[in-house]
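Reading through the structure tokens given below for one structure.
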Amino acid sequence: MRKSIITVPNPILRAKSVAVDLTKNPNLINKHIANLEETLEKKAHPKGVGLSLPQIGKNLRIFSTYLPDSSNTSDQGRPDEKEKIQAKLATYINPEIIENSKDRTFGPNSDDPILEGCLSIPGLYGPVPRFSWITLRYTTSQFKEKTEKFAGFFARVIQHELDHLDGVLFIDYVLKYELPFFESRKGKMIEIDRNIIRALG
């Protein structure tokens, strides 16, 4: 069932999520996954590329991505409209980064950083330093353990969703590193005062 996406300053977004016990109530876990995937897949205006379970009100360590395979390359930025048609749903239970690049990046082009947004903070965007690649250990929606390497935009989305599981939002990086902060107005990015973040919770 499609759920409403909660937004700041809801305290659920700031709580650390607990690990999922896969031996208990698998039917309930499957229900949470189905709700999460349907909510992400049907989200429009803007279309989402990732969503964590806390964003629909449950502090469990699960998130989903909705991305094309082409996003999983080191030089890949945000997918274009043609690539988005090839997007696939994937869900990650109890995800954990077990290896990562030494460098952090704002995207493949240092002169044009990727601006991250969030379905729980609509209309606001900012650059965030992320590992350029990660190796993730997780359990799939079929309850199979898997280890997989991600790079580029795909790795960025996964790190964003992992942060949600720890109660961290992209705006925290903007404030911590004194990065520029933007609001989308009629399709244009307008820089705004980053201190507005303090009011977002």
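Side notes on the structure shown:
- Spin-label pair V18-E83: with each label point 7 Å from Cα along the Cα-Cβ axis, the two points sit 3.9 nm from one another.
- Alpha-carbon centroid distance for the pair segment 143-185 / segment 41-102, whole angstrom: 10 Å
- Value at 222 nm in deg cm²/dmol, rounded to 500, when DSSP H runs of n ≥ 4 in the chain each add -39,500 (n - 2.57): -6000 deg cm²/dmol
- The residues neighbouring V128, those whose beta-carbon lies less than 12 Å from its own, together hold a net charge of +1 under the Lys/Arg +1, Asp/Glu -1 convention.
- Top of I98, I62, I29 by mean-square fluctuation, Gaussian network on the chain, Cα under 10 Å: I98
- Nitroxide proxy distance, nm - points 7 Å out along Cα→Cβ at L200 and N10: 1.6 nm
- DSSP bridge analysis restricted to the chain gives an antiparallel fraction near 95%, rounded to the nearest 5.
- Principal-axis tilt of helix 26-42 within the chain, Cα atoms, nearest 10 degrees: 30 degrees
- Net charge dipole, segment 90-189: roughly 220 debye, given to the nearest 20, about the Cα centre with Cβ charges of +1 for Lys and Arg and -1 for Asp and Glu.
- Cα-based Lys proximity count in segment 1-55, under 17 Å, for pairs eight or more positions apart or on separate chains: 5
- Only aspartates and glutamates eight or more places from K58 in sequence, or on another chain, were considered; those with a Cα closer than 13 Å are D166.
- Length, then width, then depth: along the principal axes, the Cα atoms of the chain run 47, 34, 32 Å.
- The tail of the calculated P(r) for segment 107-198 beyond 22 Å holds 34 percent of all Cα-Cα pairs.
- Rounded to the nearest 20 debye, dipole of segment 1-132 from Cβ charges on Lys, Arg, Asp, Glu: 680 debye
FYI, it's all coordinate maths here, none of it is from the lab. What you see is a predicted model, and the numbers here were worked out from it, not measured in a lab. Note: ideal-geometry Cβ built from the backbone for every residue, glycine included; neighbour counts use all protein chains shown.
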